[in-house]
Amino acid sequence: MEVRTIAKCFTFKAAADGKPAEILIYGEISDTLWWGDEVTPKGFKKELDALGDVDEINVFVNSYGGDVFAGHAIYSMLKRHKAKIHVFVDGVAASIASVIAMAGDTITMPKNSMMMIHNPWTWGAGDSAYFLKLADDLDRIRESIITTYESRGIKRDEIIAIMDAETWLTAEEAVEKGFADEIEESQEVAACVKDGKLYVNEQEMDFSRYRHPPKMLVAQAAQTEPNKPAEVTQTDNSGLFALYQAAIQANENKKRLGGVTNDLK
């Protein structure tokens, strides 16, 4: 019998004592609950509505992305909310999670965080007519993503080039190109490699879904001895170790917002 330990990947904290309400978005963005740890539009809306009439919301993001339409729905909920939205990229905002981040009136990235932007992709099975339609659908979805980035005042040609290249942006690059507004200081953190797989805060980092993952992170996973901590220091400040270094702040935010761990059988 399989046992899977999961952590609640989105948590809401109501405003109190003059402080903004807070939302934590960690993990997979999905339209469906499979294991119970996905961030879904339905669950997100229920929690967002429960915050009530608030003037400010801090949104903390640490996600590799997931379902495009689920991400668009969450983005739209935040954009139409009357509150001022402040987005903080705790570790990484990749793929559709980067689109959700665009809902912020302000977007802040620690110096060692990253944002990954690429074209939408999928898989399928069928005849040539099916794949022609699938390609057309992907192009239309791509346009919707481009439009979201354009709302930040970024030029279309630059967005397309960044998406085509599947680009991992450091905080500095994200601010320079208009995908974020400001940079916070970074913190050190130690990562771990277990059985040849890379983990941060016990969450496996799976780069197999990407064409151009940060090479130094992949190399670190391959070279580190099994179960031996992969030490990361302040000298590793190229941005490629961002997923390691920002994990401390991400973990502290998760604790502060009441992350819950459950065992499901």
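The H on the amide N of E56, modeled in the peptide plane, is under 5 Å from the matching H of A21, K84, each at least 5 residues off or on a different chain.
Please go through the residue pairs K79/K133; K42/K177; K46/K133; K19/K42; K79/K155 and name each one whose alpha carbons sit more than 28 Å apart in this structure. From the list (K79/K133; K42/K177; K46/K133; K19/K42; K79/K155), the Cα-Cα distance tops 28 Å for K79/K133; K42/K177; K46/K133. Rg over Rh for the range 42-141 works out to 1.07, both radii taken from alpha-carbon positions and Rh defined as the Kirkwood radius.
How much length is gained on full extension from D49 to A125, taking 0.36 nm per residue of separation minus their Cα-Cα distance?
Full-extension gain reported as 23.5 nm.
Under the 0.36 nm per residue contour assumption, what length would be gained going from the current alpha-carbon distance of K84 and T32 to full extension?
On the way: separation 52, 0.36 × 52 = 18.72 nm, distance 2.83 nm.
In short, 15.9 nm is gained.
Here the simple spin-label model places points 7 Å from the Cα toward Cβ, and for K133 and D164 these points are separated by 2.9 nm.
With a cut-off of 9 Å between beta carbons, the residues surrounding I107 carry a summed charge of -2, where Lys and Arg count +1 and Asp and Glu -1.
Rule-based calculations on the coordinates, nothing more; no lab input. This one's a predicted model, so the numbers in the text were calculated from it and none came from an experiment. Every residue, glycine as well, gets a Cβ built from its backbone with ideal geometry; the counts of neighbours run over all protein chains shown.
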